[in-house]
Amino acid sequence: MVGTSELMESPFLDLNNGSSVVEKILAEGFNPASVVPEPLPPVVMTNGEDHGDGEEEVVVGGNIKIKKREIVLGRNVHTTCLAVTEPDANDEVTGDKDAFMASVLARYRKTLLEKTKYHLGYPYNLDFDYGALGQLQHFSINNLGDPFIESNYGVHSREFEVGVLDWFARLWEIEKEEYWGYITNCGTEGNLHGILVGREVFPDGILYASKESHYSVFKAARMYRMDCVKIATLVSGEIDCSDFKDKLLVNKDKPAIINVNIGTTVKGAVDDLDLVIQTLEESGFSHDRFYIHCDGALFGLMMPFVKRAPKVSFKKPIGSVSVSGHKFVGCPMPCGVQITRLEHINALSRNVEYLASRDATIMGSRNGHAPIFLWYTLNRKGYKGFQKEVQKCLRNAHYLKDRLRESGISAMLNELSSTVVFERPQDEEFVRRWQLACQGNIAHVVVMPNVTIEKLNVFLDELVEKRSTWYQVDKVQSPCIAAEIGAENCVCKIHTR
């Protein structure tokens, strides 16, 4: 049992009122298996008084009126934290601190299980089992420096890392002696590295990226002080090569560094790599005057297993490809893979005497566990296993899109995608419950291998029920989102006449 005196003195405080969270736990009768609901985002008050019940007082024409409070997005502030406390002198004897921490972790695990059950909006494959790798968690595995040059630090996993890189090199059709790469800490690092290589190859180059590219692409432009030109997109989210050509011609005197999306963040659109290359050539850019980085965070690993999908291949004049390891692959920690041409990497690589190695990575220390998780999954599933999972995701995505349309809900699904885009739910509690990603008037569900038909049915039934209260007959109509997903995918009253 946890000692009462220790709990009452613990500084795990509620930041809003200074009261002890532990006191609340004791008062409520602490159950380590219970789930703590996260508070909804607070509202920025203007001239109103908060009633604490979803309503506020506002002054209208000198009179006080009560109006419903709106939940403000982008203010997901946790109102409590788990403070770090100093152990008592007798903790080693009593074990009270260990017992308390165990109860906190048990409660947290229960929360994770509950959150995982209602996860649909972000591209993470939660269907994995790495129990066999638990034996390695006692080691500090760090892949310092270049994966292909061993450093003085001996507790590494380079043999696993290079095995994973070779697998992706075969997938993207580049010979072992022609590529260089490494396991990154996330997909953003892959983009940062790919664009950095492009800038080192062309120091005066201009970065071109569609406006629906991942935010990390524009972060890279700011970090590297690069000129960046945003390109318009089609309704699908794919890069508009007509606008791309116009902007290339304005800057014909400078080399081009291009980010090509293999699945955009919100709509899952795949830029036409062949058309991008053709547009560059038609605009007078020879292959030695442009560098293409392919951001394949999610679909970079799915597309090779889709029939009739265009190929992402180093047999084409591209400079680098990156993919996330914690998305479709299902690694439990953020990581990624970055592959580039060996001929480009000398511009970045530097000798590091301290490591007795060379380094051309963004980070110095790199998670040595991640390559082992990736190696383990790639070996267990192989090309056939991934192909089966891709087919399942695409099939279930079509099911979701069809069910939404049958229910009178505007929805779009790009041909090579498992991202289903639909009208944004009106209830932000519903959005948070299902952890939906929203932008403007639209939201999306990313159908991953762990998303079953049964889970989609629960989501659909709840959405249809909620909509019946949001959009009552002759009162409030469902929004028109033709501008976001195209008139052919919109089922508002305007487009269903």
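The values are calculated or read from the model by the stated rules, or taken from the named source; none is laboratory data. If you're wondering where the values come from, they're calculated on a predicted model, not measured in any experiment. All Cβ positions, glycine included, derive from the backbone under ideal geometry; neighbour counts span all protein chains shown. For the accessible areas, the whole protein counts, side chains as well, though only heavy atoms, and no ligand, DNA or RNA atoms are used. Shrake-Rupley method; radii C 1.70, N 1.55, O 1.52, S 1.80 Å.
Of all residues in region 428-443, how many are in contact with a Phe, Trp or Tyr (Cβ under 7 Å, 6 or more places away or on another chain) and either in a loop (DSSP other than H, G, I, E, B) or open to solvent by 10 Å² or more (accessible area, probe 1.4 Å) (or both)?
Residues meeting the conditions: 4.
Conditions tested, residue by residue: (1) assigned to a loop (DSSP other than H, G, I, E, B); (2) more than 18 Å from ALA297 (Cα to Cα); (3) touching a strand residue (DSSP E or B) at 6+ places or on another chain (Cβ under 9 Å); (4) open to solvent by 30 Å² or more (accessible area, probe 1.4 Å).
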site	(1), (2), (3), (4)
ILE257	no, yes, yes, no
LYS267	yes, no, yes, no
ASP274	no, yes, no, yes
GLN278	no, yes, no, yes
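With the requirement that a residue be aliphatic (A, V, I, L, M) and open to solvent by less than 10 Å² (accessible area, probe 1.4 Å), what does region 317-342 give you?
Selection gives ILE318, VAL321, VAL323, VAL329, VAL337, ILE339.
With the requirement that a residue be touching a residue at least 60 places away in the same chain (Cβ under 8 Å) and either among the basic types (Lys, Arg) or under 30 Å from ASP129 (Cβ atoms) (or both), what does region 332-357 give you?
Selection gives PRO332, PRO334, CYS335, GLY336, VAL337, GLN338, ILE339, ARG341.
In region 79-124, what residues are at pLDDT 85 or above, assigned to a helix (DSSP H, G or I) and open to solvent by 60 Å² or more (accessible area, probe 1.4 Å)?
Hits for region 79-124 are ASP98, MET101, LEU105, TYR108, ARG109, LYS110, LEU112, LEU113, GLU114, LYS115, THR116, LYS117.
Within region 197-240, track down each residue that is without any contact (Cβ under 8 Å) to a residue 24 or more places away in the chain, surrounded by 22 or more Cβ atoms within 10 Å (Cβ to Cβ) and within 29 Å of ARG350 (Cα to Cα).
none
Mind listing whichever residues of region 242-255 are part of a loop (DSSP other than H, G, I, E, B) and open to solvent by less than 50 Å² (accessible area, probe 1.4 Å)?
ASN251, PRO255
Are there any helices (runs of 4 or more DSSP H) wholly within region 125-226 with 2 or more residues that are more than 23 Å from the chain's Cα centre (by Cα) and among the basic types (Lys, Arg), and if so which?
Here the list reads 158-171.
When both residues are 6+ apart or on different chains and their Cβ atoms are under 8 Å apart, which pairs have a first residue that lies in region 456-478 and is loosely packed, with under 15 Cβ neighbours inside 10 Å and outside any helix (DSSP H, G or I), and a second that is at pLDDT below 90 and not polar (S, T, N, Q)?
Going by the 8 Å Cβ cut-off, the qualifying pairs are VAL476/TRP470; GLN477/TYR471; GLN477/CYS492; GLN477/LYS493.
Is it the case that TRP167 is of a type in the set (Phe, Trp, Tyr) and surrounded by 21 or more Cβ atoms within 10 Å (Cβ to Cβ)?
no
Would you mind telling me which numbered condition in (1) touching a Ser or Thr at 6+ places or on another chain (Cβ under 7 Å); (2) part of a strand (DSSP E or B) LEU394 fails?
(2)
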